[in-house]
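Below is one structure, written out as structure tokens; the observations come after it.
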Amino acid sequence: MYDLGMKILGIETSCDETAASVVEDGKKVLSNVIASQIDLHKLTGGVVPEVAAREHLLKIIPVIDEALKDANCTFDDIDALAVTKGPGLISSLIIGTQAASTISTLKNIPLIPIQHIMGHIYSNWLEVEEKIQFPVLVLTVSGGHNELVLVKGHDDVELIGESRDDAAGEAFDKVARILGLSYPGGPAISKLAEKGDPNAINFPKAYLEKGSLDFSFSGLKTAVLTESKSNPEKADIAASFQEAVVQVLSDKLLMAREKHPEVKEVHLAGGVSANTRLREVCKEKLGSIRFPRQTIFCTDNAAMIAAAGFYMNKSSAKIQNITPSTSFLFFP
Ligand code: KG4
Ligand code: ZN
């Protein structure tokens, strides 16, 4: 780990956000610039990889410039770069890793590759003064991934559960499409759900084999599709769907904590951790739980990548040319 006052420039382009951020000592966010492509992807109801990659290419340099400017920095003040290596959309990842590799070489700044889910895990470290106690149990819930992770130390991470098919966020996005709501589905569904009855429809909740900490949401998505053909009450469908997802996620999180009594903290991370109902139910079932300090740290951002870079860096950080990877392995 670095000495105090260490500034890391994070870069993230794994899906549809072009992001750059300067973070000091793994927690103090000096800038956090995110160029969202949401308006572009609303036109197609989801992300078209080639369209996303072209947009990253247009935005990456201005976004990095803005992140440095907002943090009152130049490249000379940056001690290391951290970039998302994967998993994600390969054509999008290429833009971020190439930009970071080029800066690393030209400016002589060490570059640290970050696995995207590790980035989400460190979103709970941002802007937090108190010391986070290991082991930490983290539920990461996003559009592209859904995991239960036991973080025993900065270089000791164990995957204890994961989605077998659609991730929770993906289910929100697909159900939103079925209900004719806009992309991304999560915020649209949770807004509509406020007007509906969460107990109106008893949607299937896949708990899988006894004791399993894995997730499956594809059956639920199909059940929503079937229900929507005969039931015009969209708000009830949205509320009941959200409730089914929230109950399964929170029950599995509780089950994981019971299986691992050594756990000192429980964290929620990823885009779906912005969901108010999920936060509420997790608090009810688990008592103490930590969420990212700002909603903007839940969805994809580069501050979390910079924070992960701070904790995951070994003294071997060096000038590098990083190639993207779609691997889910935690330590690329
Ligand atoms: O972490 P993220 O930005 O990207 C991935 O790494 O996949 O997560 C995006 C996902 C989308 O599927 C979006 O619908 C979902 O997070 N999301 C939400 C909410 N805000 C974003 N899902 C439920 N409730 C929300 N409030
Ligand atoms: Zn993500």
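Counting pairwise Cα distances across the range 1-155, what percent come out greater than 24 angstrom? Don't skip to the answer; put the middle values down first.
Numbers: 4082 of 11935 pairs.
The answer is 34 percent, as a whole percent.
Can you give the % of DSSP beta bridges in the range 77-189 that are antiparallel, to the nearest 5? Among the beta bridges of the range 77-189, antiparallel pairing accounts for roughly 70 percent. As a calculated quantity, the FRET efficiency between E233 and T276 at R0 = 22 Å, using C-beta atoms, amounts to about 0.55.
Placing a pseudo-label 7 Å from each Cα along the Cα-to-Cβ vector at F328 and E66 gives an inter-label distance of 3.3 nm. Summarising the amide proton neighbourhood of T323: residues at separation of 5 or more, or on other chains, whose placed amide H is nearer than 5 Å comprise an empty set. Are there GluC sites (Glu not before Pro) in the range 244-314 that DSSP marks as loop and that have at most 11 other Cβ atoms within 10 Å, and which are they? Answer by residue number: E262. Coupling constants for the range 235-251 follow from the phi torsions by the Karplus curve (6.51 cos²θ - 1.76 cosθ + 1.60, θ = phi - 60°), and in residue order they are 5, 5, 5, 4, 5, 6, 5, 4, 5, 4, 5, 5, 5, 5, 4, 6, 5 Hz; glycine and proline get x. Helix 276-286 and the long axis of the chain differ in direction by around 90°, with both axes built from C-alpha atoms. In loop segments of the range 234-332 as defined by DSSP, the trypsin sites (Lys or Arg not before Pro) with at most 12 further C-beta atoms inside 10 Å of their C-beta are K264, K314. Placing dummy labels 7 Å off each Cα toward the beta-carbon, the span from D39 to T102 is 2.5 nm.
To the nearest 10 degrees, how steeply does helix 90-107 sit against the main Cα axis of the chain, on a 0 to 90 scale? Computed tilt is about 20 degrees. Along each principal axis, taking the top coordinate minus the bottom one, the Cα set of the range 145-252 gives 49, 29, 20 Å in descending order. Take the range 161-212 with all the other protein chains still there, run a 1.4 Å probe, and you get 53 Å² of accessible area per residue.
How large is the helix-only mean residue ellipticity at 222 nm for the chain, computed as the sum of -39500 (n - 2.57) over DSSP H runs with n ≥ 4, divided by its residue count, in deg cm²/dmol to the nearest 500?
On the way: 10 runs with 132 residues, N = 332.
That calculation yields -12500 deg cm²/dmol at 222 nm.
The HN-Hα couplings worked out from phi for the range 134-139 by the Karplus form 6.51 cos²θ - 1.76 cosθ + 1.60 (θ = phi - 60°) are 7, x, 10, 9, 10, 9 Hz, whole numbers, x standing for Gly and Pro.
For L111, the amide hydrogen comes within under 5 Å of the amide hydrogens of L81, K318, I319, Q320, counting only partners 5 or more places away or on other chains and with H modelled in the peptide plane.
Please go through the residue pairs K27/K85; K152/K195; K234/K264; K191/K252 and name each one whose alpha carbons sit more than 32 Å apart in this structure. In this structure, K152/K195; K234/K264 lie more than 32 Å apart at Cα. Scanning residues 5 or more positions from M6 or on other chains, those with amide H under 5 Å from its amide H are D25, with H placed 1.01 Å from N in the peptide plane. The residues of the range 1-48 have, on average, 39 Å² of accessible surface per residue, using a 1.4 Å probe with all protein chains present. To the nearest ten degrees, helix 49-70 and the longest principal axis of the Cα atoms of the chain are 50 degrees apart.
Kirkwood Rh, Cα Rg: Rg to Rh for the range 13-80?
For the range 13-80, the value is 1.06.
Between L254 and Y207, the contour length at 0.36 nm per residue exceeds the Cα-Cα span by 15.6 nm. Over the range 24-122, with every protein chain in place, what whole percent of the accessible area is carbon and sulfur at 1.4 Å, could you tell me? After summing per-atom areas, the C and S share lands at 56 percent.
The values are calculated or read from the model by the stated rules, or taken from the named source; none is laboratory data. Everything numeric in this text was worked out from a predicted model, so none of it was measured. Cβ sites come from the backbone with ideal geometry, for glycine too, and all protein chains shown count toward neighbours. Surface accessibility is based on the protein's heavy atoms, side chains included, excluding ligands, DNA and RNA. Shrake-Rupley method; radii C 1.70, N 1.55, O 1.52, S 1.80 Å.
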